[in-house]
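The values are calculated or read from the model by the stated rules, or taken from the named source; none is laboratory data. Quick caveat: nothing in here was measured; it's all calculated off a predicted structure. Here the Cβ positions follow ideal geometry from the backbone for every residue, glycine too, while neighbour counts run over all protein chains shown.
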Amino acid sequence: MLRFAAVGIDHGHIFDHVNGLIAAGAEFAGYCPQTSVPTLLENFRKTYPHAEALDRETILADPSIDVICIAAIPRDRAGLAIRAMEAGKDVIVDKPGVTTFEQLELVKRAVERTGRLFSVCFSERLCVPSAVVAGKMVADGVVGKVVQTLGLGPHRKSPSTRPDWFFEMEAVGGVINDIASHQIDQFLFYTGSDSAEVVASSVGNFGTPQSAGFQDFGEVLLRSARASGYIRVDWFTPDGLPTWGDGRLTILGTEGYIELRKYVDIGGRPGGDHLFLVNGNGVRHIDCSQEPLDYFEAFAKDVRDRSETAMGQRHIFEVCRLALEAQARATIITPKQQD
């Protein structure tokens, strides 16, 4: 049986990793309790009361542990992943997998040197049932050839609950690298593009003047040989919305389009995972909330078979490269603060 452990409990996405691998039949071998967010660790312990707290070095040295899940502070993820791969482990890393070009090169070398799997869990596609259904529809040609994606990733800032590093540019790599990596992954996946170019990008700090290095808005225009894509991410979700963000994706095809309202439908339908399909047959609303996720089961198969069915390594590195490039090239449009 595949065994896994968690190292780096600093972001809530670690729950997606653990729950997904358990559902795929893997054994949870334990976790390192080192964290920068004590309340998150407390919740983690309550959620998995039978999981054993282990020293980080003990986890890395245990030959029976096959996979390490990492949701550490973003700047630390690449280093931890490299250590895990050098210890003979495959890794699932929370996005962003890297925060600098140097880290990306070091991870690439580690993958080549060790032969281990470095997988970034882009949860807004891989852990969202409606996104899974959309992928199947696109593959079946339901909307024809995809020519453009429009990805929106709004988030609630909730500053009182955030650790200090959340507001540090060096820690997260910027708003595009941190959040828009989700939408870049979706653009490549749904358009069937192996690579793309950053046409334009912008970032700004419009509503967080007390944290000069923080970016609360970002946008990216992508182009590949097959399609184009526009991305907007931000930290402006109002408190009145009943969830953390009204994440949406529109997939435009030559014979129709799909819109995902992933986490909430402000039109009034309850729950999340709403898919709207418009094509020559009419207009449909589909509740995708019961669609099973397949990423973690596929990843477990890849660990056993040394394959890349869950997500290709080339795809992951291209997402990371595009996110870093869009971040580095972004025009800063932060307005001057008025006296």
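List of remarks:
- Only listed residue being touching a helix residue (DSSP H, G or I) at 6+ places or on another chain (Cβ under 7 Å), under 25 Å from residue 318 (Cα atoms) and not in a helix (DSSP H, G or I), chosen from 68, 82: 68
- Flag if residue 202 is over 25 Å from residue 253 (Cβ atoms) and at pLDDT below 95: no
- Filter result for residue 146 (hydrophobic (A, V, I, L, M, F, W, C), at pLDDT 95 or above and either surrounded by 16 or more Cβ atoms within 10 Å (Cβ to Cβ) or touching a helix residue (DSSP H, G or I) at 6+ places or on another chain (Cβ under 9 Å) (or both)): yes
- Any hit, segment 46-65, residues being assigned to a loop (DSSP other than H, G, I, E, B), of a type in the set (Ser, Thr, Tyr), over 23 Å from the mean Cα position of the chain (by Cα) and surrounded by fewer than 17 Cβ atoms within 10 Å (Cβ to Cβ): yes
- Helices (runs of 4 or more DSSP H) within segment 100-206 that include 3 or more residues of a type in the set (Phe, Trp, Tyr): 181-191
- Here residue 218 fits the description: in contact with a helix residue (DSSP H, G or I) (Cβ under 6 Å, 6 or more places away or on another chain) and either on the phi < 0 side of the Ramachandran plot or buried (at least 20 other Cβ atoms within 10 Å of the Cβ) (or both).
- Sole residue being buried (at least 21 other Cβ atoms within 10 Å of the Cβ), within 15 Å of residue 6 (Cα to Cα) and not polar (S, T, N, Q), chosen from 87, 78: 78
- Residue in segment 229-243 that is without any contact (Cβ under 8 Å) to a residue 40 or more places away in the chain and hydrophobic (A, V, I, L, M, F, W, C) present: no
- Residue that is surrounded by the fewest Cβ atoms within 10 Å (Cβ to Cβ) [pool: residues in segment 242-285 that are under 21 Å from residue 148 (Cβ atoms) and of a type in the set (Val, Ile, Thr)]: 283
- When the criteria are applied in full, residue 158 meets the requirement of being assigned by TED's automatic domain parsing to the domain that holds residue 283 and at pLDDT below 95.
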